[in-house]
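The values are calculated or read from the model by the stated rules, or taken from the named source; none is laboratory data. Computed from a prediction, not measured in an experiment: that's the story for all the values here. Counting neighbours? That spans all protein chains shown, and the Cβs are built from the backbone with ideal geometry, glycine included.
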Amino acid sequence: MFITKAQAAKRLGMSDQAISSSIRNLSTTETKLQTAYHNGKEQVIVFSLIEEIAQRYQRVANAMNAKPGECGCGCLSKTEGTVYIQGHDQKLDGCLQTILRTGHEIDKDSVKSFAMIRGIDITKLQ
């Protein structure tokens with residue numbers, strides 16, 4: 001099954017440009033998104049979108065359970081005296097944003113509580 005990049009962007013709470021950029025830079029991004037040509041157009045493979053969403057939820061779950069000395073974004077990397085590896089706060093923001101924009105109400109409430117505990121301003125993510 002295939003969906004358009006615009007549909008994938010909406011499902012992830014991203015802009016069309018951000019989706020296109022992630023796909024163009026597959027070798028340098030952590031995206032799970034894959035595309036194929038279907039009916040003459042490059043489209044997103046639905047199974048890869050499901051993997052991408054699952055990866056974002058997993059990162060948030062990891063962040064919720066991060067131990068001292070682990071990056072607070074949920075990547076499980078070790079840190080030295082900081083909450084995040086440089087730039088990883090933005091990775092967590094993107095994952096939180098996906099859930100806040102497109103997740104189930106229970107997931108959204110959990111993310112809001114987590115953000116409040118961590119001092120993350122969710123108003124900039126919605």
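So GLY74 fits all but one of (1) farther than 15 Å from LYS5 by Cα; (2) of a type in the set (Gly, Ala, Ser); (3) assigned to a helix (DSSP H, G or I); what number is the exception?
(3)
For segment 1-54, what are the residues that are of a type in the set (Val, Ile, Thr), within 18 Å of LYS91 (Cβ to Cβ) and crowded, with 16+ Cβ neighbours inside 10 Å?
Answer for segment 1-54, where residues must be of a type in the set (Val, Ile, Thr), within 18 Å of LYS91 (Cβ to Cβ) and crowded, with 16+ Cβ neighbours inside 10 Å: ILE19, ILE23, THR31, ILE53.
Quick one: LEU12 ticks every box in (1) of a type in the set (A, V, I, L, M, F, W, C); (2) in contact with a Ser or Thr (Cβ under 6 Å, 6 or more places away or on another chain); (3) closer than 18 Å to ILE117 by Cβ except a single one, so which number is it?
(3)
Does GLY74 satisfy the criteria of being crowded, with 19+ Cβ neighbours inside 10 Å and in contact with a Ser or Thr (Cβ under 6 Å, 6 or more places away or on another chain)?
On the way: crowded, with 19+ Cβ neighbours inside 10 Å: yes; in contact with a Ser or Thr (Cβ under 6 Å, 6 or more places away or on another chain): no.
Judged against the criteria, GLY74 is not a match.
Out of the residues in segment 68-106 that are basic (Lys, Arg) and either modelled with pLDDT under 95 or within 19 Å of THR31 (Cβ to Cβ) (or both), state the one that is nearest to the chain's Cα centre (by Cα).
The selected residue is LYS91.
Between GLN7, GLN43, GLN17, which is in a strand (DSSP E or B) and either within 16 Å of the chain's Cα centre (by Cα) or not aromatic (Phe, Trp, Tyr) (or both)?
Matching residue, one of GLN7, GLN43, GLN17: GLN43.
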